[in-house]
Amino acid sequence: MLCQNCGQRPATTHIKQLVNGQLTEAHLCAHCAQKQGYGGILGDWGGFGSLLGGLLGEAPAQQVKRCPGCGASFGEISQSGQLGCAQCYQTFRAQLLPVIQRVHGAARHRGKSPGGSALRVADRHTQLAASPRQRELSPVEEKRRQLKEAVEAQNFEQAAVLRDEIKEMEKHG
C-alpha cells in the first residue's frame, strides 16, 4: 500500500483517529508521518537510540535544541504535553505546527475572540443605564418598553394586553 499523502513510498505508519464520533484512517510513509508529527516507535522512546549507540561504542552526535526562555527540549514538551513558556511556540514552531494541525484540524484559530460582541452589548446597556435620558418617552414607546419587560419576565398575558394597546394607539395616532 502506498502512502496516502505523497503516493510515492510504501505506507509504514497506520493511524486511526476517532473525531466527532467518526473513525478516520490514514496510511503514511515514515517520511510523511514524521512531517505530520507521528514519530516512530523508537522515536517515542527518547533515549533508545543513544543507548544503542553507547552499546555499540558510538557517542551520540546530535545536540538537543532547547528553548532559550525556559530550557525545555521538544522531547520534554512531547512527554509532558505542555509547553514550558510562550517562547516555546517560536522555538519549536516547525515541530508544533503539524501536531496542532493534527489535533485541532487547523493551525489557525477560527473561534471566538475575547472582547467580542457580548462585551460591546453590555457596554452599550451600561452606558444607557448610566446616562440620563435626553427626552421623555412617548406613550407608545413607554408601552413598548413595558411590553419588552413583560416578555423578558415571561408574563405573556400582560404582554398580549400591551401588544393590543400598542396596536390601538398606532391606529389612532
Residues being open to solvent by 100 Å² or more (accessible area, probe 1.4 Å) and free of Cβ contacts under 8 Å to residues at least 24 places away in the same chain: count how many of those fall in the range 26-37.
1
Return the only residue of Q79, Q158, Q95 being at pLDDT 85 or above and within 30 Å of Y38 (Cβ to Cβ).
Q95
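Okay, residues lined up against (1) touching a residue at least 24 places away in the same chain (Cβ under 8 Å); (2) of a type in the set (D, E, K, R); (3) open to solvent by 90 Å² or more (accessible area, probe 1.4 Å); (4) assigned to a helix (DSSP H, G or I):
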residue: E142; (1), (2), (3), (4): no, yes, no, yes
residue: K148; (1), (2), (3), (4): no, yes, yes, yes
residue: V151; (1), (2), (3), (4): no, no, no, yes
residue: Q154; (1), (2), (3), (4): no, no, yes, no
residue: A159; (1), (2), (3), (4): no, no, no, yes
residue: L162; (1), (2), (3), (4): no, no, no, yes
residue: E170; (1), (2), (3), (4): yes, yes, yes, yes
Hey, can you tell me all the residues within the range 61-83 that are within 20 Å of the chain's Cα centre (by Cα) and either open to solvent by less than 60 Å² (accessible area, probe 1.4 Å) or on the phi > 0 side of the Ramachandran plot (or both)?
I77, G81, L83
Those residues of the range 1-23 that are of a type in the set (S, T, N, Q), more than 21 Å from A106 (Cβ to Cβ) and in contact (Cβ under 8 Å) with a residue 24 or more places away in the chain come to a total of 1
Return a yes/no flag: does the range 99-107 have any residue that is aliphatic (A, V, I, L, M), at pLDDT 80 or above and open to solvent by 50 Å² or more (accessible area, probe 1.4 Å).
no
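The values are calculated or read from the model by the stated rules, or taken from the named source; none is laboratory data. Predicted model only: the values in this text are computed from it and were never measured. Every residue, glycine as well, gets a Cβ built from its backbone with ideal geometry; the counts of neighbours run over all protein chains shown. Quick note on the areas: whole protein, heavy atoms, side chains included, nothing else; ligands and nucleic acids left out. Shrake-Rupley method; radii C 1.70, N 1.55, O 1.52, S 1.80 Å.
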